[in-house]
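Readers should treat all values here as calculations from the given coordinates under stated rules, not as data from a laboratory. In this text the structure is predicted, and so the values were computed from the model without any measurement. Note that we place each Cβ from the backbone using ideal geometry, even for glycine, and neighbour counts take in every protein chain shown.
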Amino acid sequence: MTGRKHGGGGPLLITSEAFEALEPEWRALHARAGGHPFAHPAWFATWPRHFGTGCAIVFLSFRTDADDSELVGVVALDARAEEAQSLGDADVQDYATPLVVPGYEAAVAAGLCEWLDEDLTPRAILWGLPGGSAFTAACPGAANSMGWTCEEEPEDVCPALALPATFEEYVAALPKHERHELRRKLRNLEAAGAVVFESFTTPEAALGQFDTFATLMRASRPDKEAFLTPAREAFFRALVAAFTAEGLLALERLTLDGVPVAALLTFRTAGTAWLYNSGYDPAYAQLAVGMLSKALSIREAIARGDHTFDFLRGDEEYKRRLGGQPRPVVTLRLARR
């Protein structure tokens, strides 16, 4: 374990800790800081078991330098000697932002740069950062203070929308053409048979529906069939078990006359619904069940009182048609001068 102090927005104690020792405080920090699902310890309890071979995994804790030593940040790294990077894989992980209590972003960014510098790491890649976030904005100044360069590159977009109080308000706020089309499609679906949209939120219930989800995901598009390899399917299954046990994920299913026609995996954290992946039966494509399953998921999120629906990575047209506004995701490349 390595302890270091850094002053920057308040002195912090920076320590490399074992996952098992850090996990309970990390879980409480996630609830306090309102982090995305990819910053929850359940993610890092699952991903390394499936894809972490060869990674030099380091979990850095950032604590206030006081008697109570409060945990205010966690950064997960693949800290290889020549080039450290955010731990994870953009193929299955939409964000890689460190988990930080609001107000401590600059201090954690400065502390991370100091840790990299003292570890004699010549380069670092911080990917999966929301463009313009407080942590992202703090990194260039922190890097410069250590004599490093910091270059920002566009990486992707994660469209999202702010949710109103009711589904009717959401629909009314869509552009005229999209509003008309969504209402028409919903009427057509309801006219076609008995429509049921369900959420399975316990490990037993969600895993009981997982084979249906995997079948629909593979059937919906050739690229999704190619993506969902046996290894990724096993990983997704483990994610469902881990996150439903935490109360942070739902497997949602749309049926028509009792037949499953679409399914989604949706994380639920910090007042946000995060659409992780989905699939539908192409035999029902004329009823737009793929798009409508997302609209019904938005309806469920509004009913729960969520304030945001994040479609996660990709600029697919349906996200725009359902009101998603693109939010940039960026990579920061840090290097010694």
Inspect the stretch 142-156 for any residue being aliphatic (A, V, I, L, M) and either within 24 Å of the chain's Cα centre (by Cα) or farther than 17 Å from I14 by Cα (or both) and give the result as yes or no. no
Being among the charged types (D, E, K, R) and either over 22 Å from the mean Cα position of the chain (by Cα) or assigned to a strand (DSSP E or B) (or both): is that true of R183 here? yes
Give just the number: which of (1) among the charged types (D, E, K, R); (2) more than 16 Å from the chain's Cα centre (by Cα); (3) surrounded by fewer than 22 Cβ atoms within 10 Å (Cβ to Cβ) does D306 not satisfy? (2)
Could you please let me know if T201 is over 23 Å from A162 (Cα atoms), hydroxyl-bearing (S, T, Y) and out of contact with any helix residue (DSSP H, G or I) (no Cβ under 7 Å at 6 or more places or on another chain)? no
Which residues, taken from the stretch 272-296, are without any contact (Cβ under 8 Å) to a residue 60 or more places away in the chain and among the polar types (S, T, N, Q)? Q286
Selection from the stretch 120-135 of residues that are hydrophobic (A, V, I, L, M, F, W, C), surrounded by fewer than 19 Cβ atoms within 10 Å (Cβ to Cβ) and touching an Asp or Glu at 6+ places or on another chain (Cβ under 7 Å): I125, A134
Inside the stretch 124-180, the number of residues satisfying the requirement of being over 23 Å from T308 (Cα atoms), part of a helix (DSSP H, G or I) and in contact with a helix residue (DSSP H, G or I) (Cβ under 8 Å, 6 or more places away or on another chain) is 6
Test G141 against the stated conditions and say whether it is of a type in the set (G, A, S) and either touching a residue at least 40 places away in the same chain (Cβ under 8 Å) or under 19 Å from A76 (Cα atoms) (or both). no
Taking the stretch 186-207 and keeping only residues that are surrounded by 15 or more Cβ atoms within 10 Å (Cβ to Cβ) and not in a helix (DSSP H, G or I), one is left with V195, F197, E198, S199, F200, T201
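Within the stretch 183-211, which residues are within 16 Å of E300 (Cα to Cα) and either without any contact (Cβ under 8 Å) to a residue 24 or more places away in the chain or out of contact with any Ser or Thr (no Cβ under 9 Å at 6 or more places or on another chain) (or both)? Reasoning before the result, please.
First, pick out the residues of the stretch 183-211 that are within 16 Å of E300 (Cα to Cα): 186, 195-201.
Hit for the stretch 183-211 is L186, nothing else.
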If I filter the stretch 116-125 for residues that are polar (S, T, N, Q) and closer than 26 Å to P37 by Cα, do I get at least one hit? no
